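Encoded as structure tokens, the structure appears first; notes follow it.
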Amino acid sequence: MIAMKKIFENKYAVITARIVLGAVFMYASFDKMSNPAAFADIIDNYRILPFQLVNALAIFLPWLEFITGLFLLTGKWVKGSLLIYTVLLVIFIFALGQALLRGLDISCGCFSVKPSSTSDVWLRIIEDIILLFISVNLYRFTSDDEIVSKKSINLN
């Protein structure tokens, strides 16, 4: 625990973590934003939501990912963005896990709306757990002042 705190007290580690988290969410949003119908089909394949909510989520979720990632990259509203990031990752892990346990033959839809094999679902769960670990620790071990100070935002 002390080692984690030391890592996240380092301004370069904080900046690096923010860049990684932000870039992942922004990259993940691009294909979904440009293909909302295909993304809606992927969401529907998870068989979690009522059909009436699928289209709205297919439009809303990629923009939420993009804006959350953008705020992390720019250093604006970082604590709130990390909270949203963490909640989304928990939801994503749950959705992927339940689909895997139920034996659903799904395409993850994590980074692309193109069909992929279910073999990458385990990989996506592991990646999401790693991102969740970073997000939670960044939220826990950095104060609002450290995150938004000029020194921690300035990349020069």
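Under the condition of being over 12 Å from the mean Cα position of the chain (by Cα), crowded, with 19+ Cβ neighbours inside 10 Å and aromatic (Phe, Trp, Tyr), the residues counted in segment 60-81 number 1. The set of residues in segment 111-156 being touching a Ser or Thr at 6+ places or on another chain (Cβ under 7 Å) and either over 23 Å from Lys5 (Cα atoms) or at pLDDT 85 or above (or both) consists of Pro115, Ser116, Leu132, Ser135, Val136, Tyr139. Scanning segment 38-51 for any residue that is under 15 Å from the mean Cα position of the chain (by Cα), at pLDDT below 95 and of a type in the set (Lys, Arg) turns up nothing. Among the residues of segment 43-59, which ones are crowded, with 18+ Cβ neighbours inside 10 Å and among the basic types (Lys, Arg)? Selection gives nothing. When Ala40, Ala23, Ala3 are screened for being among the hydrophobic types (A, V, I, L, M, F, W, C) and surrounded by 18 or more Cβ atoms within 10 Å (Cβ to Cβ), only Ala40 passes.
Of everything in segment 96-108 that is closer than 18 Å to Ile130 by Cα and surrounded by 19 or more Cβ atoms within 10 Å (Cβ to Cβ), the residue that is modelled with the highest pLDDT is Leu96.
The values are calculated or read from the model by the stated rules, or taken from the named source; none is laboratory data. A quick note: this is a predicted structure, and the numbers were derived from the prediction, not measured. Methodologically, a virtual Cβ is constructed for each residue, glycine included, from the backbone with ideal geometry; neighbour enumeration extends over all protein chains shown.
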